[in-house]
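Colleague: Structure below; questions to follow.
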Amino acid sequence: MSYYPKQVYMGTEGEVNADFRPADAPPNLGAAGKDAIHYLASTTTTRGEFGLYRVAMSARAGGPKTHFHKRISESFFILSGTVRLFNGEKWIEAEKGDFLHVPQGGLHAFRNDSDAPADMLLLFTPGAPREEYFEGVSKLADASDEERAKFFDKHDSYFVE
(Lines give C-alpha, C1' and ligand atoms only; values in the text may rest on other atoms or scores of the structure.)
Protein backbone atom coordinates (compact mmCIF):
# COMPACT_ATOMS: atom_id res chain seq x y z
CA MET A 1 0.00 0.00 0.00
CA SER A 2 1.42 3.42 -0.88
CA TYR A 3 0.71 6.56 1.05
CA TYR A 4 0.72 10.13 -0.07
CA PRO A 5 2.46 12.70 2.15
CA LYS A 6 0.55 14.72 4.74
CA GLN A 7 -1.86 17.24 3.23
CA VAL A 8 -0.34 20.74 3.11
CA TYR A 9 -2.88 22.77 1.13
CA MET A 10 -6.26 22.99 2.85
CA GLY A 11 -8.13 25.10 0.27
CA THR A 12 -10.76 23.80 -2.13
CA GLU A 13 -10.31 26.09 -5.16
CA GLY A 14 -6.55 26.01 -5.79
CA GLU A 15 -4.47 29.16 -6.06
CA VAL A 16 -1.97 30.88 -8.32
CA ASN A 17 1.40 30.34 -6.63
CA ALA A 18 3.78 28.77 -9.19
CA ASP A 19 7.38 30.02 -9.42
CA PHE A 20 8.76 30.25 -12.99
CA ARG A 21 12.47 30.68 -13.75
CA PRO A 22 13.35 31.24 -17.43
CA ALA A 23 16.29 29.34 -18.94
CA ASP A 24 18.19 32.58 -19.59
CA ALA A 25 18.03 33.78 -15.95
CA PRO A 26 21.51 34.62 -14.68
CA PRO A 27 23.10 32.25 -12.15
CA ASN A 28 22.68 33.00 -8.46
CA LEU A 29 26.33 32.24 -7.79
CA GLY A 30 29.26 32.47 -10.21
CA ALA A 31 29.09 33.75 -13.77
CA ALA A 32 27.29 32.60 -16.92
CA GLY A 33 29.61 30.57 -19.14
CA LYS A 34 31.87 29.72 -16.19
CA ASP A 35 31.44 27.84 -12.90
CA ALA A 36 27.95 28.78 -11.70
CA ILE A 37 25.00 27.60 -9.64
CA HIS A 38 21.37 28.35 -10.45
CA TYR A 39 18.95 28.11 -7.52
CA LEU A 40 16.02 26.53 -9.36
CA ALA A 41 13.97 25.57 -6.30
CA SER A 42 15.43 26.44 -2.93
CA THR A 43 14.25 24.93 0.33
CA THR A 44 12.52 28.27 1.03
CA THR A 45 10.58 28.04 -2.25
CA THR A 46 9.58 24.41 -1.66
CA ARG A 47 8.84 24.82 2.06
CA GLY A 48 11.57 22.34 2.91
CA GLU A 49 10.38 19.57 0.61
CA PHE A 50 13.49 19.60 -1.61
CA GLY A 51 16.19 21.79 -3.12
CA LEU A 52 16.98 21.72 -6.86
CA TYR A 53 20.07 23.39 -8.33
CA ARG A 54 21.65 23.56 -11.77
CA VAL A 55 25.42 23.38 -11.55
CA ALA A 56 27.44 24.62 -14.53
CA MET A 57 31.07 23.52 -14.46
CA SER A 58 33.81 24.81 -16.70
CA ALA A 59 36.36 22.45 -18.26
CA ARG A 60 38.64 20.87 -15.65
CA ALA A 61 36.62 22.47 -12.81
CA GLY A 62 37.26 19.57 -10.43
CA GLY A 63 34.79 19.10 -7.59
CA PRO A 64 34.39 18.23 -3.91
CA LYS A 65 36.23 15.33 -2.27
CA THR A 66 34.43 12.20 -1.10
CA HIS A 67 31.82 12.98 1.54
CA PHE A 68 28.44 11.95 2.90
CA HIS A 69 25.37 13.56 4.45
CA LYS A 70 23.52 12.37 7.56
CA ARG A 71 20.27 14.28 7.06
CA ILE A 72 19.81 14.74 3.31
CA SER A 73 19.97 12.60 0.20
CA GLU A 74 21.59 13.93 -2.97
CA SER A 75 20.78 13.08 -6.57
CA PHE A 76 22.65 13.96 -9.76
CA PHE A 77 21.20 14.25 -13.28
CA ILE A 78 23.63 15.08 -16.08
CA LEU A 79 22.32 17.66 -18.56
CA SER A 80 25.41 17.98 -20.78
CA GLY A 81 29.07 17.09 -20.89
CA THR A 82 30.78 14.40 -18.83
CA VAL A 83 30.81 14.46 -15.04
CA ARG A 84 32.75 11.93 -13.02
CA LEU A 85 30.49 10.62 -10.24
CA PHE A 86 31.78 8.57 -7.31
CA ASN A 87 29.14 6.13 -6.04
CA GLY A 88 31.06 5.17 -2.90
CA GLU A 89 32.73 2.26 -4.66
CA LYS A 90 33.97 3.48 -8.04
CA TRP A 91 34.09 6.50 -10.35
CA ILE A 92 31.56 6.54 -13.20
CA GLU A 93 31.90 8.65 -16.36
CA ALA A 94 28.35 10.04 -16.39
CA GLU A 95 26.98 11.70 -19.52
CA LYS A 96 23.78 13.42 -20.66
CA GLY A 97 20.74 11.64 -19.24
CA ASP A 98 22.65 9.65 -16.59
CA PHE A 99 21.33 9.75 -13.02
CA LEU A 100 22.77 8.86 -9.60
CA HIS A 101 20.82 8.85 -6.31
CA VAL A 102 22.78 8.82 -3.04
CA PRO A 103 20.73 8.14 0.14
CA GLN A 104 21.72 9.57 3.53
CA GLY A 105 25.07 8.14 4.63
CA GLY A 106 26.15 7.25 1.08
CA LEU A 107 29.73 8.14 0.15
CA HIS A 108 29.89 10.22 -3.02
CA ALA A 109 31.76 12.91 -4.94
CA PHE A 110 31.63 14.56 -8.35
CA ARG A 111 34.07 16.36 -10.61
CA ASN A 112 34.52 17.68 -14.11
CA ASP A 113 37.93 16.46 -15.23
CA SER A 114 37.10 16.72 -18.93
CA ASP A 115 38.30 19.35 -21.39
CA ALA A 116 34.71 20.52 -21.96
CA PRO A 117 32.11 22.25 -19.76
CA ALA A 118 29.39 20.19 -18.10
CA ASP A 119 25.95 20.92 -16.64
CA MET A 120 24.01 18.89 -14.09
CA LEU A 121 21.06 19.07 -11.75
CA LEU A 122 21.54 18.49 -8.01
CA LEU A 123 18.50 17.47 -5.98
CA PHE A 124 18.60 17.47 -2.18
CA THR A 125 15.78 15.89 -0.15
CA PRO A 126 14.42 16.96 2.16
CA GLY A 127 15.22 20.58 1.50
CA ALA A 128 18.18 22.13 3.31
CA PRO A 129 19.71 25.62 3.13
CA ARG A 130 22.29 24.63 0.50
CA GLU A 131 22.44 28.21 -0.79
CA GLU A 132 24.18 29.18 2.45
CA TYR A 133 26.56 26.25 1.96
CA PHE A 134 27.35 27.12 -1.67
CA GLU A 135 27.95 30.77 -0.80
CA GLY A 136 30.00 30.06 2.31
CA VAL A 137 32.26 27.21 1.20
CA SER A 138 34.39 29.52 -0.97
CA LYS A 139 35.09 31.71 2.08
CA LEU A 140 36.75 28.95 4.10
CA ALA A 141 40.30 29.52 2.83
CA ASP A 142 41.27 31.58 5.88
CA ALA A 143 39.09 29.69 8.38
CA SER A 144 40.56 27.77 11.29
CA ASP A 145 40.16 23.99 11.45
CA GLU A 146 37.53 24.51 14.17
CA GLU A 147 35.59 27.05 12.06
CA ARG A 148 35.77 24.76 9.02
CA ALA A 149 34.53 21.74 11.02
CA LYS A 150 31.66 23.78 12.49
CA PHE A 151 30.65 25.02 9.01
CA PHE A 152 30.62 21.52 7.51
CA ASP A 153 28.72 20.05 10.48
CA LYS A 154 26.11 22.84 10.24
CA HIS A 155 25.68 22.01 6.54
CA ASP A 156 25.54 18.21 6.95
CA SER A 157 28.75 17.59 4.95
CA TYR A 158 31.23 15.05 6.30
CA PHE A 159 34.41 14.60 4.25
CA VAL A 160 36.36 11.35 4.43
CA GLU A 161 39.43 12.30 2.34
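The values are calculated or read from the model by the stated rules, or taken from the named source; none is laboratory data. If you're wondering where the values come from, they're calculated on a predicted model, not measured in any experiment. Positions of Cβ are generated from backbone atoms using ideal geometry, with glycine treated the same way; all protein chains shown enter the neighbour counts. When the accessible area is computed, the model is the full protein with side chains, heavy atoms only, and any ligands, DNA or RNA have been set aside. Shrake-Rupley method; radii C 1.70, N 1.55, O 1.52, S 1.80 Å.
Matching residues to (1) under 21 Å from residue 123 (Cα atoms); (2) among the hydroxyl-bearing types (Ser, Thr, Tyr):
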position	(1), (2)
7	no, no
11	no, no
26	yes, no
43	yes, yes
48	yes, no
55	yes, no
59	no, no
65	yes, no
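Colleague: Please go through the range 15-26 and pick out each residue that is touching a strand residue (DSSP E or B) at 6+ places or on another chain (Cβ under 8 Å) and either loosely packed, with under 10 Cβ neighbours inside 10 Å or closer than 18 Å to residue 63 by Cα (or both). Reasoning before the result, please.
Modeller: Filtering the range 15-26 down to residues touching a strand residue (DSSP E or B) at 6+ places or on another chain (Cβ under 8 Å) leaves 19, 21, 25.
19, the sole residue that qualifies.
Colleague: Pairs please, first residue from the range 1-20 and at positive phi, second anywhere and surrounded by 10 or more Cβ atoms within 10 Å (Cβ to Cβ), Cβ atoms under 6 Å, 6+ apart in sequence or on different chains.
Modeller: Between residues of the range 1-20 that are at positive phi and residues that are surrounded by 10 or more Cβ atoms within 10 Å (Cβ to Cβ), there is no close pair.
Colleague: Another question, if that's okay. Being buried (at least 17 other Cβ atoms within 10 Å of the Cβ) and on the phi > 0 side of the Ramachandran plot narrows it down to one residue among 48, 97, 81; which is it?
Modeller: The match here is 81.
Colleague: Quick test of your reading of the structure: residue 40 fulfils all but one of (1) of a type in the set (A, V, I, L, M); (2) over 16 Å from residue 113 (Cα atoms); (3) surrounded by fewer than 16 Cβ atoms within 10 Å (Cβ to Cβ); (4) touching a residue at least 40 places away in the same chain (Cβ under 8 Å). Name the failing condition by number.
Modeller: Failing condition for residue 40: (3).
Colleague: Something else now. Can you pull out the residues in the range 51-78 that are open to solvent by less than 30 Å² (accessible area, probe 1.4 Å), farther than 21 Å from residue 30 by Cα and of a type in the set (A, V, I, L, M, F, W, C)?
Modeller: Of everything in the range 51-78, just one residue is open to solvent by less than 30 Å² (accessible area, probe 1.4 Å), farther than 21 Å from residue 30 by Cα and of a type in the set (A, V, I, L, M, F, W, C), namely 72.
Colleague: Across the range 113-127, what is the number of residues that are crowded, with 17+ Cβ neighbours inside 10 Å and charged (D, E, K, R)?
Modeller: Residues in the range 113-127 being crowded, with 17+ Cβ neighbours inside 10 Å and charged (D, E, K, R): 1 in total.
Colleague: What pairs come out if I take residues in the range 100-111 that are more than 22 Å from residue 82 (Cα to Cα) and pair them with residues that are in a loop (DSSP other than H, G, I, E, B) and open to solvent by 20 Å² or more (accessible area, probe 1.4 Å) whose C-beta lies under 7 Å away, six or more apart or interchain?
Modeller: 104/70; 104/71; 105/70
Colleague: Being of a type in the set (D, E, K, R), open to solvent by less than 40 Å² (accessible area, probe 1.4 Å) and in contact (Cβ under 8 Å) with a residue 12 or more places away in the chain: is that true of residue 130 here? Steps first, please.
Modeller: On the way: of a type in the set (D, E, K, R): yes; open to solvent by less than 40 Å² (accessible area, probe 1.4 Å): yes; in contact (Cβ under 8 Å) with a residue 12 or more places away in the chain: yes.
Yes.
Colleague: Report the residue count in the range 134-161 for those that are open to solvent by less than 30 Å² (accessible area, probe 1.4 Å) and farther than 17 Å from residue 57 by Cβ. Please lay out each step first, then the result.
Modeller: First, pick out the residues of the range 134-161 that are open to solvent by less than 30 Å² (accessible area, probe 1.4 Å): 134, 136, 140, 143, 155-157.
Within this subset, residues satisfying the condition of being farther than 17 Å from residue 57 by Cβ are 136, 140, 143, 155-157.
Number of matching residues: 6.
Rundown of residues vs (1) touching a helix residue (DSSP H, G or I) at 6+ places or on another chain (Cβ under 7 Å); (2) farther than 24 Å from residue 104 by Cα; (3) modelled with pLDDT of 95 or more, yes/no style:
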position	(1), (2), (3)
2	no, no, no
6	no, no, no
17	no, yes, no
29	yes, yes, no
33	no, yes, no
45	no, no, no
58	no, yes, yes
64	no, no, no
71	no, no, yes
